[in-house]
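Have a look at the structure below before the remarks.
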Amino acid sequence: MNATPQVLAVLDELLASAAPGERGALWHLAEQGRELDANVVHLPPNAGVGEHQEDVLDVLLVVLAGGGSLRTGGDTLDLAPTTVTWLPRTSRRALEAGPEGLTYLTVHRRRPGLMIKPAVRVPATAHEGGEAPCMLDLVCPECGRLSADRDPAFCSACGEPYPGR
């Protein structure tokens, strides 16, 4: 069976519906069977996404509205509407919205889902290490993705800050 193309969002309507102080994902691609992920993220004026690194995926960032800057190591790139930026995997970056805020679209290959593996039987004499640590604090509260960073401040997928950091 062939998949059918469909309109998923109208960006003008999506941008107009965002509250001025709202932060985070305004929209995300959620269709079953997809090979891509995409998010529309809004940062209010002068807000930012702290420095982080995506180790697995290249990300395409397209500025839809507002403006700001992208820090990458020692360089700062200006972001304005219609700017298309490639964020290669392993690059360190931080975003900062300008006085009008910043709304952008990110597109990247879909992350593989978490897989539940069968429990490993541990001999009764090998209890010194204890149980594996819970990774719930590494799951983004906004989009549900697992962070590759051990101590994330912001989600590399949607930009949402992690609580308590």
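Here is how the numbers come out for the structure above:
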item: Counted residues, region 73-103 - those being β-branched (Val, Ile, Thr), under 20 Å from Ser17 (Cα atoms) and over 17 Å from the mean Cα position of the chain (by Cα); result: 1
item: Count of region 1-37 residues which are surrounded by 10 or more Cβ atoms within 10 Å (Cβ to Cβ) and outside any loop (DSSP other than H, G, I, E, B); result: 12
item: Selection count, region 30-59, where residues are within 12 Å of the chain's Cα centre (by Cα) and under 19 Å from Val10 (Cα atoms); result: 6
item: Condition broken by Ser91, with the remaining ones in (1) at pLDDT 90 or above; (2) of a type in the set (S, T, N, Q); (3) open to solvent by 50 Å² or more (accessible area, probe 1.4 Å) satisfied; result: (3)
item: Region 47-74: number of residues that are open to solvent by less than 40 Å² (accessible area, probe 1.4 Å) and part of a loop (DSSP other than H, G, I, E, B); result: 3
item: Lone unmet requirement of (1) touching a Leu at 6+ places or on another chain (Cβ under 7 Å); (2) at pLDDT below 95; (3) not β-branched (Val, Ile, Thr) for Leu79; result: (2)
item: Options Arg89, Arg93; residue that is of a type in the set (Lys, Arg) and either touching a Gly at 6+ places or on another chain (Cβ under 7 Å) or part of a strand (DSSP E or B) (or both); result: Arg93
item: Tally, over region 104-116, of residues that are assigned to a loop (DSSP other than H, G, I, E, B) and within 14 Å of the chain's Cα centre (by Cα); result: 2
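The values are calculated or read from the model by the stated rules, or taken from the named source; none is laboratory data. Since we're looking at a predicted model, the values are computed, not measured. Backbone-built Cβ (ideal geometry, glycine too); neighbour counts: all protein chains shown. Please note that ligands, DNA and RNA were not included when accessible areas were found on the heavy atoms of the full protein model with its side chains. Shrake-Rupley method; radii C 1.70, N 1.55, O 1.52, S 1.80 Å.
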